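Asks: This is the structure I have questions about; it appears just below.
Readers should treat all values here as calculations from the given coordinates under stated rules, not as data from a laboratory. In this text the structure is predicted, and so the values were computed from the model without any measurement. Cβ coordinates were reconstructed from backbone atoms using ideal geometry, including for glycine residues, and neighbour counts include every protein chain displayed.
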Amino acid sequence: MKYQLPLLEYPYNALEPYIDAQTMEIHHTKHHQAYIDNLNKVLEKYPKIEGQKLEDLLKSLNTLTMDERDKKMLRNHGAGHLNHTLFWQIMGAKKELDEKLVAEVIKEFGTIDEFKKLFNQTALSHFGSGWAWLVRNKEGKLAIYSLPNQDSPYINGHTPLIGLDVWEHAYYLKYQNRRADYIANWWNVLKLI
């Protein structure tokens, strides 16, 4: 089974002025496509795992029998594909609040504003490239943390709910080195909260 670039539910310019069309197009068609191409290359070498869910492969990454370089490729490119797929899905031009998630966030963090403050601090303080995450951990509780590069919460056995890409390719054309502005404006296109 070969992975393919998922279609977006909105045009590239739908998130303007917060995320520009050129960044969206390059991010989607070049960066995300590269993760898919490299993921497919590594999976072709291992037909026994090719049909398994990618989330399950990442959860069991340490126990997979494969070349260490290929395992690293699976980690980087498989997680890159999953991370970006979620990223596109949780954004949109209109809010589509997930009332259950909103209630859980308020229960765990006190208020939506407090949650946003903690999430923003996590995203802003992440050094280098990576992601800020709201996850459901193994105990079913909500947690906020960041991971480097394309690492996925699935590797930790956690389920990602909200992910913010803080790689420079996600914002550099519009925001240059102003990551804080990108993070603050991203809430305008996050559908769920």
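Asks: Under 5 Å between amide H atoms, partner at least 5 residues away or on a different chain: which partners does ILE162 have, H built in plane at 1.01 Å?
Replies: Counting only residues 5 or more places away or on other chains, the set is LEU134.
Asks: Kindly provide the GluC sites (Glu not before Pro) of the stretch 54-105 that DSSP labels as loop, not H, G, I, E or B, and whose Cβ sees at most 12 other Cβ atoms within 10 Å.
Replies: Hits after loop and neighbour filter: GLU96.
Asks: Spin-label point model (7 Å from Cα, Cβ direction): what's the TYR145 to SER125 distance in nm?
Replies: The two pseudo-label positions are separated by 1.4 nm.
Asks: Taking chymotrypsin sites (Phe, Trp or Tyr not before Pro) that fall in a DSSP loop and have at most 16 other Cβ atoms within 10 Å as cut points, what is the longest piece of the chain between them?
Replies: Formally, the longest exposed-site-free interval is 1-126.
Asks: Moving to a separate point now. Give a residue-ordered list of calculated ³J(HN,Hα) values for the stretch 64-80 (Karplus: 6.51 cos²θ - 1.76 cosθ + 1.60, θ = phi - 60°; whole Hz; x for Gly, Pro).
Replies: Result, rounded to whole Hz: 5, 8, 7, 4, 4, 5, 5, 4, 5, 4, 4, 4, 5, 8, x, 5, x.
Asks: Compute the distance in nm between two label points, each set 7 Å from the Cα along the Cα-to-Cβ direction, one at ALA93 and one at THR63.
Replies: Each label point is offset 7 Å from its Cα along the Cβ direction, giving 4.6 nm.
Asks: Looking at the stretch 1-87, which trypsin sites (Lys or Arg not before Pro) are DSSP coil and have at most 13 other C-beta atoms within 10 Å of their C-beta?
Replies: Here the trypsin sites (Lys or Arg not before Pro) that fit, given the DSSP loop and packing criteria, are LYS2, LYS45, LYS48, LYS53.
Asks: Between ALA180, ALA123, ALA170, find the one with the highest GNM mean-square fluctuation for the chain; connect C-alpha pairs within less than 10 Å.
Replies: Its mean-square fluctuation being the largest, the pick is ALA180.
Asks: Quick check: the angle from helix 99-109's long axis to the longest principal axis of the chain, C-alpha only, nearest 10 degrees?
Replies: 80 degrees
Asks: Pick out, in residue order, every one of the GluC sites (Glu not before Pro) in the stretch 1-51 that is DSSP loop and has at most 12 other C-beta atoms within 10 Å; say none if there are none.
Replies: Listed in order of number, the matching sites are GLU9.
Asks: Using helices alone, I'd like the mean residue ellipticity at 222 nm for the chain: each DSSP H run of four-plus residues gives -39500 (n - 2.57), total over residue count, nearest 500.
Replies: Value at 222 nm, helices only: -11500 deg cm²/dmol.
Asks: Quick one: which of LYS71/LYS117; LYS107/LYS138; LYS2/LYS100; LYS59/LYS141; LYS30/LYS117 span more than 26 angstrom between C-alpha atoms?
Replies: Listed pairs above 26 Å: LYS71/LYS117; LYS2/LYS100; LYS30/LYS117.
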